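Enquirer: Take this structure first; my questions come after.
Any read-out appearing in this document is the output of simple, stated calculations on the displayed coordinates, not a laboratory observation. Computed from a predicted model, the values in this text were never measured in an experiment. Note that we place each Cβ from the backbone using ideal geometry, even for glycine, and neighbour counts take in every protein chain shown.
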Ligand SMILES: Nc1ncnc2c1ncn2[C@@H]1O[C@H](COP(=O)(O)OP(=O)(O)OP(=O)(O)O)[C@@H](O)[C@H]1O
Ligand SMILES: [Mg+2]
């Protein structure tokens, strides 16, 4: 896939979000390029998830604007952002435990984007497409017919990522994708992120784990109490510096 890595594909400009008297975000900026992995860090309550929910259309910002491919966009629901190719993998994954992997990947998808032909998919075809997609992502499960409740934490995370990337995603936003995983499973999820990057997908990863941030990110940004605190290309910073940012300290 070709992509121009100098173009900003997604931008939040001056975004504020208030919940009653609580200020979750105040005049926050973020930008992302195709094929770039942006690591987002910050203390509990710093506003990371809120910013991602604004970018994915789940929350409406109180002030500020979102730009996609240079054009201002208004999202009234996650469906609107999905239609542009922005997918979010939520912290709680939101998978249907009692349904097979294949059904989870297609769940709730209306044929509005590049999946018109899937409208009339029979079970066999759906299973085949799911398995092809899983194997493209190098995700190992016994079968697309396996129920999510039978899967490990890492496999569930992988299914959630597969679901987010099954339909021509241009941007994938992941909220703490490794938080609940065993060490062995973390590496697989990080490999998946690298795979998306190689496809030209822009990825935003929220993580509290410095290992994640320093393994996959090209750039890291820190939020502190709802505002931009610091940002750097990864190679120009250090773990200690980033940990300082999370605590609101600059060297
Ligand atoms: N739906 C909501 N209603 C009211 N307040 C909210 C809501 N969602 C978030 N907040 C508040 O907004 C602030 C930012 O929360 P947010 O979830 O964005 O933080 P975070 O950086 O993702 O933290 P964590 O690392 O703990 O996930 C917090 O003060 C939180 O209590
Ligand atoms: Mg959060």
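Enquirer: What residue among 188, 170, 138 shows peak mean-square fluctuation when the chain is described by a Gaussian network model with Cα springs under 10 Å?
Expert: Sorting by GNM fluctuation, first place goes to 138.
Enquirer: Separation between the residue 147 and residue 63 pseudo-spin-labels, each 7 Å from Cα along Cα→Cβ, expressed in nm?
Expert: 5.0 nm
Enquirer: Taking Cα atoms, how many degrees apart are the long axis of helix 183-198 and the longest axis of the chain, rounded to 10 and kept between 0 and 90?
Expert: Tilt relative to the chain: about 90 degrees.
Enquirer: Out of 102, 85, 64, any idea which swings most in a Gaussian network model of the chain, alpha carbons joined below 10 Å?
Expert: Sorting by GNM fluctuation, first place goes to 64.
Enquirer: What is the fewest-to-most order of 90, 18 by other Cβ atoms lying within 10 Å of their Cβ?
Expert: Fewest-to-most Cβ neighbours within 10 Å comes out as 18, 90.
Enquirer: Moving on to the next point. Enter the angle in degrees (range 0 to 90, nearest 10) between the Cα long axis of helix 123-136 and the first principal axis of the Cα atoms of the chain, meaning the one along which they spread out most.
Expert: Roughly 40 degrees between the two axes.
Enquirer: Given a Förster radius of 25 Å and the C-beta distance between residue 239 and residue 194 as r, what FRET efficiency does 1/(1 + (r/R0)^6) yield to the nearest 0.05?
Expert: Efficiency, from the Cβ-Cβ distance: 0.80.
Enquirer: Simple spin-label model, 7 Å along Cα-to-Cβ: residue 232 to residue 44 in nm?
Expert: 2.7 nm
Enquirer: Report, largest value first, the span of the C-alpha coordinates of the stretch 156-251 along each principal axis, in whole Å.
Expert: Extents along the principal axes: 41, 28, 25 Å.
Enquirer: Between helix 153-165 and the chain, what is the angle of the helix's C-alpha long axis to the longest principal axis, kept within 0 to 90° and rounded to the nearest 10?
Expert: 90 degrees
Enquirer: Relative contact order for the chain: what percent, with Cα pairs under 8 Å and sequence separation of 6 or more? Please list the in-between numbers first.
Expert: On the way: 477 pairs, mean separation 68.8, N = 251.
Rounded, it is 27 percent for the chain.
Enquirer: Largest first and in whole Å, give the semi-axes of the stretch 10-246's equivalent ellipsoid, each being the square root of 5 times a Cα gyration tensor eigenvalue. Before the final figure, lay out each step's value.
Expert: Numbers: eigenvalues 175, 88, 47 Å².
Those come to 30, 21, 15 Å.
Enquirer: Please check: in the Gaussian network model of the chain (C-alpha springs, under 10 Å), which one of 171, 204, 22 has the largest mean-square fluctuation.
Expert: With Cα springs under 10 Å in the chain, the top fluctuation among 171, 204, 22 is at 22.
Enquirer: Relative contact order of the stretch 195-251, please, whole-number percent, based on alpha carbon pairs below 8 angstrom and at least 6 residues apart. The partial results should precede the final answer.
Expert: Details: 47 pairs, mean separation 13.5, N = 57.
Value for the stretch 195-251: 24 percent.
Enquirer: Could you work out the helix-only [θ] at 222 nm for the chain, with each DSSP H run of four or more residues adding -39,500 (n - 2.57) and the total divided by the number of residues, to the nearest 500 deg cm²/dmol? Write down the numbers at each step before the final one.
Expert: Values: 8 runs with 79 residues, N = 251.
It comes out at -9000 deg cm²/dmol, rounded to the nearest 500.
Enquirer: Label residue 214 and residue 77 with points 7 Å out from Cα along Cα→Cβ: what is the distance between them in nm?
Expert: 4.4 nm
Enquirer: Let me ask something additional. Quick one: if the Förster radius is 45 Å, what FRET efficiency do residue 98 and residue 250 give, using the C-beta to C-beta distance and rounding to 0.05?
Expert: Details: r = 49 Å, r/R0 = 1.08.
FRET efficiency, residue 98 to residue 250: 0.40.
Enquirer: Given a Förster distance of 45 angstrom, what is the FRET efficiency for residue 225 paired with residue 124, based on the Cβ-Cβ distance and rounded to 0.05? Show your work: numbers first, answer last.
Expert: Values: r = 52 Å, r/R0 = 1.17.
Calculated transfer efficiency: 0.30.
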